[in-house]
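Chemist: Handing you this structure, nothing more for now.
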Amino acid sequence: MKSGKYVLLVFVLAFSLGISGCLQQAPQQEKTPTTSPPVVVETTPRETTPPATTPEVTTTPPPATTPEQKPLEYGGVINIGYTGPLSGIAQPYGEAVFAGLSFAAEDINDAGGIVLGEKYYKLKVVGLDDMYLPSAAAQNAEKLFKEKNTPIVFCSHSGGILEIEKINEKYGFIVGAFTTDPRVLKTGDKMIVMYPPNFELIYVPHLSDYFLARGATKAAMLNGTHEYAVAWGAAFKEYWKLKGGEIVAEVPLDYYLTTDYTDAVAKALAKKPDVILLAGPSKPVAGIIKTARMMGYTGGFIVAEQAKLEEIMYYLGIKYDFAKNTVIEGNISLIKKVVGTTAPCSIALTPIAAVDPNTPGYIEACKRFSARLGDTPITWEHVLSYQALFVIAKAMEKAGTTNATKIMEALEKGTFPADGYRGFPKFIYSAMFRIYPYGTIGAFNTPGNMMSIDENGVATFSPGLTPKFWGQEYAYTDSEGKIIWG
C-alpha cells in the first residue's frame, strides 16, 4: 500500500507542476493531434539525460513477441518531441506533420514497439504549439528535451529549425527537420535529419523550367514574408534571371495575417506578368489564386511546395478524379496553368504509379491515413513525417539506445534499407547524406515530385525528381566523403 501512495503522490505533484508550467508559458501548451493520437500511459520514471549505456544492438532485434520466445519486458515510454504551428492560419500545415508523427508512433506501438536490448518500448509524440515563431520553437525544443527527455525534436518550419540548431548539439538531441530550406544544412550541425527535398535544388529549377520551356519570361513574386518564403523567393529570383527571365514585380505578402489579397494582387497584375510565384500555406495560396482569377488574370502560377495542389483544390471547392483525369465538381478554370507539388495518394491513382518504385509505400500510407483523416487531404507533411519516424525508430533499434549521437551513427551505417520495418513495405528514404563543405549531418536522399495542370485542366505528374545544381558550392556526400549529389 505504501508504494501505491507514493505513486499517487508523485502523480499529483507531476500534474500540479504540469498545470503550473502551462499557465506560465501558454504558447508552449502541450498539444495532442485532433486525429486519434497514440494514447500511451507512462509507467516508469524517465531519465533526465539520454541513456548512453544501453547495450548496442548490432543485428535487427526481434519483435516484441515471437511464437518461440516469451514476451519481452516492457521498458517504458520514449518521448518524441514536436514543435510547430498548432494554431493560427498555419495550423493545418503544422497539424499535418504532427499527425503524421503521431500515426507513426501509434502504428509502431501496435506492431510491437521498438526493442532496445532485452526490453521493448512504446513511442509517444509530445507536441507543443510555437505559433510559427522561431524563438518559441527553440524554447519548446529545450523544454521537450529537459522535461520529456526527447532524443529527437521535430520542427516544421525553417525559422524554428535554425533557432533550434543553436542549442541542440549542446544539449544532445537530434533535430527532425521538416523543411525544404537548404539553409538548415549550412550550419555544420551534426545532429539534424532534414527529410523533405531541398527546394533550391529540386523545386526552384524544376517548377521554373516548366514555364520557361513554354515561353514565359515575365514573373511577378507574391511570396510570403515568413523566412522560408523569403528564402524561396530569393532563390527563384536568382534562378529565373539566370535563365533569361525578368522579375517585373515583387509584392511581399504576410500570408498569416492578410485576409484581403486584392491590393497585393492588383500591384502584381499591373505589371502584366506571364506567371506569378506564390510561396506559403495552401489556404492563403488558394485565396490569392481565386482573387487573381476574379480580377481577370489568365496567366500561370508557380506554387512553392509548402502548399499542395490537392489542398488548394480542396479550398477552392474542386473535386478531381486523378485516376481518370476528370473534374468531378467545381470550377477547374481557377487552377489551370498551375505548377506545384502533389501528394502521394494522387500519384498512387495515376498510370505513373506503375513505374514509380515508391508506389507501394504511398498506397500503404494512404490506406492507413484515410480512415483517420476522413475528407482532409493526405499530404507530404503526413506521409514524409510518418515514414521519417519509422526510420528513426529503426535507427534507435540499430543503435540499441536513445543516445542521439549513436542514433545518428546508425542512420549513416546500418539503418537502410528500412523497407519492411514494422510492416511498412517501402520507404521513400534509402540513405542519409552529409553536406560538404559544411560538415552537416545530415539529409535523407528524398526525391521530389511535380504536378502541373495545363490550360485544358489536365493534370500531369512527374515523380522522382532529383537535384539540379545551378552554381551551388555544396554537395551531398556519403560518410566517407564520396560525392553522391553535386
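The numbers here are math on the coordinates, done by the rules we state, and not lab data. This one's a predicted model, so the numbers in the text were calculated from it and none came from an experiment. Cβ: placed from backbone, ideal geometry, glycine included. Neighbour counts: every protein chain shown.
Chemist: Sorted by average packing, counted as other Cβ atoms within 10 angstrom per residue and highest first, what order do 434-447, 78-91 take?
Modeler: Averaged packing, sorted descending, gives the order 78-91, 434-447.
Chemist: Next question. Any idea what the dipole of the chain comes to, in debye rounded to 20, about its Cα centre with Lys/Arg Cβ at +1 and Asp/Glu Cβ at -1?
Modeler: 120 debye
Chemist: Which distance in nm do the two modelled labels at W485 and K190 give, with both placed 7 Å along the Cα-to-Cβ direction?
Modeler: Each label point lies 7 Å from its Cα, and together they span 2.4 nm.
Chemist: Moving to a separate point now. Relative to the longest principal Cα axis of the chain, at what angle does helix 91-110 sit, 0 to 90 degrees, rounded to 10?
Modeler: So the inclination is approximately 40 degrees.
Chemist: Relative to the present Cα-Cα distance, how much length would full extension add between E238 and E455 at 0.36 nm per residue of separation? List each step's numbers first, then the result.
Modeler: On the way: separation 217, 0.36 × 217 = 78.12 nm, distance 2.70 nm.
Full-extension gain reported as 75.4 nm.
Chemist: So, one more: So for region 281-382, taking the charge dipole from beta-carbon charges (+1 Lys/Arg, -1 Asp/Glu), which of P357, S370, I302 sits furthest toward the positive end?
Modeler: Among P357, S370, I302, the one farthest towards the positive end of the dipole of region 281-382 is I302.
Chemist: To continue, here is another question. May I ask you to order 375-385, 344-354 by the average number of other C-beta atoms within 10 Å around their residues, highest value first?
Modeler: Top of the packing list down: 375-385, 344-354.
Chemist: If the reach is capped at under 16 angstrom between alpha carbons, list the aspartates and glutamates near K143, excluding any in the same chain fewer than eight residues apart.
Modeler: Output for K143: E30, E47, D129, D130, E163, E165, E169.
Chemist: Here is the link list: K272/K308; K271/K337; K243/K413; K394/K482. Which ones come out longer than 28 Å on Cα distance?
Modeler: On the way: K272/K308 25 Å; K271/K337 19 Å; K243/K413 39 Å; K394/K482 25 Å.
Checking Cα-Cα distances, K243/K413 exceed 28 Å.
Chemist: Calculate, for R214 and T466, the FRET efficiency according to 1/(1 + (r/R0)^6) with r their C-beta to C-beta distance and R0 25 Å; round to the nearest 0.05.
Modeler: Efficiency computed from Cβ-Cβ geometry: 0.70.
Chemist: In addition: Please report, to two decimal places, log10 I(q)/I(0) for the chain at q = 0.07, 0.09, 0.10 Å⁻¹ as given by the Debye formula with identical point scatterers on the Cα atoms and no solvent.
Modeler: Taken in order of the listed q values, log10 I(q)/I(0) reads -0.37, -0.60, -0.74.
Chemist: May I ask you to evaluate 6.51 cos²θ - 1.76 cosθ + 1.60, the Karplus curve with θ = phi - 60°, for each residue of region 423-440 and list the ³J(HN,Hα) values in order in whole Hz, giving x for glycine and proline?
Modeler: So the J values, rounded to whole Hz, are x, 8, x, 8, 9, 6, 8, 9, 6, 10, 10, 9, 10, 9, x, 7, x, 6.
Chemist: Please list, ordered by chain and number, the residues whose modelled amide H lies under 5 Å from the amide H of A475; skip anything fewer than 5 residues away on the same chain.
Modeler: Long-range HN contacts for A475: Y436.
Chemist: For region 197-207, take each phi angle, set θ = phi - 60°, evaluate the Karplus expression 6.51 cos²θ - 1.76 cosθ + 1.60, and give the result in whole Hz per residue in order, putting x for glycine and proline.
Modeler: Calculated HN-Hα couplings, in order: x, 7, 5, 5, 9, 10, 6, 4, x, 5, 5 Hz.
Chemist: About the Cα centre, and with charges only on the beta carbon of Lys, Arg (+1) and Asp, Glu (-1), how big is the dipole of region 186-259? Nearest 20 debye, please.
Modeler: That gives a dipole near 220 debye.
Chemist: For K272 and T326, FRET efficiency with R0 = 41 Å and r from the beta-carbon atoms, rounded to 0.05?
Modeler: Numbers: r = 33 Å, r/R0 = 0.79.
E(calc), rounded to 0.05, equals 0.80.
Chemist: Let me ask something else. Once phi is turned into θ = phi - 60°, what whole-Hz ³J(HN,Hα) does the Karplus curve with 6.51, -1.76 and 1.60 give for every residue of region 349-358, x standing for Gly and Pro?
Modeler: 8, 9, x, 4, 4, 5, 10, 8, x, 8
Chemist: If you keep only loop residues by DSSP, which GluC sites (Glu not before Pro) in region 396-486 have at most 15 other Cβ atoms within 10 Å of their Cβ?
Modeler: E455, E473, E480
Chemist: Related question: Out of residues 5 or more away from V125 or on other chains, whose amide H comes under 5 Å of its own, with H placed 1.01 Å from N in the peptide plane?
Modeler: Result for V125 returns I80.
Chemist: Here's something else I'd like to know. When the helices in the chain are scored as -39500 (n - 2.57) per DSSP H run of 4 or longer and the sum is shared across all residues, what 222 nm value do you end up with, to the nearest 500 deg cm²/dmol?
Modeler: Counting only the DSSP helices, I get -11000 deg cm²/dmol.
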